[in-house]
Amino acid sequence: MDKTRSNVLTMVYAAMYIALAVALNAFNTAMPIIQMPNGGSLELLVIALFIASYHLGWRWGAAISALSWVIGVLFGLNNYMVSVPQVLLDYVVPFVAIGLASIVPAIHIGNTKLSNLYTGVCFGMFLKYISQVISGVYFWFPEGSAAGSWAAWAYSAPYNFWYNLVTFIAAIILVPILVKRLNKLSSITMSGVKE
């Protein structure tokens with residue numbers, strides 16, 4: 001395949017992943033699954049973003065993740081914006097962290113091999129969780145406490161843990177299954193998968 005055709009095909013895949021992520025985000029907004037009272041729910045869009053990273057590599061994965069957030073905002077999704085640092089911590093950093101999943105190496109310990117399909121999902125979801133906890137501590141702290149206080153940490157860490165845990169469980173089960181199925185197609189090469 002010549003380089004021009006390959007670039008066009010990559011852009012088509014990128015557009016498809018962005019559209020899928022935005023559609024899944026819209027579905028979650030219309031019909032939230034495990035909705036937390038102050039925002040946060042099972043986020044199905046991360047599955048599309050993880051697959052994009054494993055299919056096209058971490059650079060494309062990060063770009064697709066950021067663009068899917070921007071397009072989601074244009075469609076009226078992710079509307080909880082207080083300031084630029086809050087937007088970065090609540091949305092941009094977590095989305096891009098998901099897109100970076102394929103940069104994580106596979107782990108080999110003795111005879112045990114753990115593909116980066118698992119380590120990357122763990123890495124991406126961990127960074128997403130940490131970023132959203134920090135956002136909660138400084139921008140969404142409980143009434144009667146101060147930003148950065150112990151009470152804000154005690155509120156934000158468990159609050160963000162539960163819906164991120166459910167999202168992690170869905171991703172750690174579905175992403176490897178879907179990537180392995182897509183990898184069996186002769187026309188698709190998963191360039192970000194490391195065994």
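Worth a mention:
- Among the residues making up the range 113-127, those that are over 13 Å from the mean Cα position of the chain (by Cα), assigned to a helix (DSSP H, G or I) and either of a type in the set (S, T, N, Q) or closer than 14 Å to ASP90 by Cα (or both) are ASN116, THR119.
- Test for SER156: is it within 17 Å of LEU88 (Cα to Cα), without any contact (Cβ under 8 Å) to a residue 60 or more places away in the chain and either in contact with a helix residue (DSSP H, G or I) (Cβ under 7 Å, 6 or more places away or on another chain) or in a loop (DSSP other than H, G, I, E, B) (or both): yes
- Selection status of TRP60, in a helix (DSSP H, G or I), aromatic (Phe, Trp, Tyr), out of contact with any strand residue (DSSP E or B) (no Cβ under 9 Å at 6 or more places or on another chain) and without any contact (Cβ under 8 Å) to a residue 40 or more places away in the chain: no
- All conditions in (1) at pLDDT 90 or above; (2) within 28 Å of ASN7 (Cβ to Cβ); (3) in a helix (DSSP H, G or I) hold for VAL73, with the sole exception of (1).
- Subset of the range 88-110 that is of a type in the set (A, V, I, L, M, F, W, C) and modelled with pLDDT under 90 - its residue that is farthest from LEU44 (Cα to Cα): ILE109
- Single residue of the range 63-75 satisfying the filter (among the small types (Gly, Ala, Ser) and in contact (Cβ under 8 Å) with a residue 40 or more places away in the chain) that is farthest from PRO176 (Cα to Cα): GLY72
- Contact map, the range 178-195: first residue under 14 Å from LEU114 (Cβ atoms), second residue of a type in the set (Ser, Thr, Tyr), Cβ cut-off under 7 Å, separation 6 or more or different chains; pairs are VAL193/TYR54; VAL193/SER115; LYS194/SER115; GLU195/SER115.
- The residues listed here are ILE188, ILE134, ILE130, ILE173; of these, the one that is in a helix (DSSP H, G or I) and closer than 28 Å to VAL12 by Cα is ILE173.
The values are calculated or read from the model by the stated rules, or taken from the named source; none is laboratory data. None of the values given here were measured: they were computed from a predicted structure. Please note: Cβ atoms are built from the backbone with ideal geometry, for glycine as well, and neighbour counts cover all protein chains shown.
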